[in-house]
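Asker: Before I ask anything, here is the structure I am working with.
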Amino acid sequence: VSVNTICFVNRENRERIFRELHRVLKQDGKIIVVNLLIGFKSFRIFIDHLKYEMEKNGLLRSFKSLFNLFPPAIKMFYYAEKIQRYNKTANFFEINEQRDYLIRIKFRNVSNNELVFARQAVLNEAIK
């Protein structure tokens, strides 16, 4: 499983990373890869989580949860904005990019793109 890590690898080295993942994965092993998309909005992820909380736990418990999550949420927004604006090492993914790598590297049964994290990231599964 790889979640939001490969986007911090230079585009020139990404194929090498996917090849290495293929090499170290045992035969018939499964890989799950999730990466943020270009132009992702952390606020959308947060709002989507709040909607889920309210559906699951109701309004009162959700407000209590929101109160407890407020300090870490502020940090999340701060660092997400900083990464997007100033971090030149973050190279977020285009919609089909990681799926194309998995296919090119000869993974089998590569899933269609599944948009996750409030449609701000793409998830793919594949088998070696």
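Asker: Report the Stokes-Einstein translational diffusion coefficient (µm² s⁻¹, integer) for segment 87-128, Rh taken as the Kirkwood radius over Cα pairs, at 37 °C with viscosity 0.692 mPa s. Could you put the intermediate results ahead of the total?
Answerer: Numbers: Rh = 11.1 Å.
The Stokes-Einstein estimate is 296 µm²/s.
Asker: Heads up, I need the accessible area for Ile47: 1.4 angstrom probe, whole protein in place, Å², nearest 10.
Answerer: Accessible area, nearest 10 Å²: 60 Å².
Asker: Another question, then. Counting only other residues whose beta carbon sits under 15 Å from that of Asn68, what net charge do I get with K and R as +1, D and E as -1? If you can, show how the numbers build up before the last one.
Answerer: Values: positive: Arg61, Lys64, Lys75; negative: Glu53.
Net of charged neighbours comes to +2.
Asker: Additional query: With unit charges on the beta carbons (Lys and Arg positive, Asp and Glu negative) and the dipole taken about the Cα centre of the chain, which residue among Asn124, Phe8, Gly39 sits farthest to the positive side?
Answerer: Phe8
Asker: To the nearest 20 debye, what charge dipole does the chain have about its Cα centre, counting +1 at the Cβ of each Lys and Arg and -1 at the Cβ of each Asp and Glu?
Answerer: Working: 23 positive and 13 negative charges, 44 e Å.
Using Cβ point charges on Lys, Arg, Asp and Glu, the chain gives about 220 debye.
Asker: If you don't mind, there's one more thing I want to ask. Considering only protein heavy atoms, with the full assembly of protein chains and a 1.4 angstrom probe, order Arg14, Arg108, Arg61, Arg99 by accessible area, largest first.
Answerer: Working: Arg14 0, Arg108 95, Arg61 160, Arg99 60 Å².
Highest to lowest solvent-accessible surface, that is Arg61, Arg108, Arg99, Arg14.
Asker: Now, a different point. Can you give the three extents of the C-alpha atoms in segment 1-63 along their principal axes, from longest to shortest, in whole Å?
Answerer: Between the extreme Cα coordinates on each principal axis of segment 1-63 lie 49, 29, 11 Å.
Asker: Using a Förster distance of 41 Å, how high is the FRET efficiency between Leu50 and Ile95, based on the Cβ-Cβ distance and rounded to 0.05?
Answerer: On the way: r = 25 Å, r/R0 = 0.62.
Given R0 = 41 Å and the Cβ-Cβ separation, E is 0.95.
Asker: So, counting K/R as plus one and D/E as minus one, what does the shell of residues with Cβ under 11 Å around Ile17 add up to? Mind dumping the intermediate values first?
Answerer: Details: positive: Arg11, Arg14, Arg16, Arg19, Arg23; negative: Glu12, Glu15, Glu20.
Summing Lys/Arg as +1 and Asp/Glu as -1 gives +2.
Asker: Further question on the same structure: What does the helix-only formula give at 222 nm for the chain: each DSSP H stretch with n ≥ 4 adding -39500 (n - 2.57), the total divided by the residues, and the result rounded to the nearest 500 deg cm²/dmol?
Answerer: Values: 3 runs with 67 residues, N = 128.
Calculated mean residue ellipticity at 222 nm is -18500 deg cm²/dmol.
The values are calculated or read from the model by the stated rules, or taken from the named source; none is laboratory data. For clarity, every value in this text was computed on a predicted model and none was experimentally measured. Note that we place each Cβ from the backbone using ideal geometry, even for glycine, and neighbour counts take in every protein chain shown. Ligands, DNA and RNA are stripped out before the accessible areas are found, and what is left, the full protein with its side chains, is counted by its heavy atoms. Shrake-Rupley method; radii C 1.70, N 1.55, O 1.52, S 1.80 Å.
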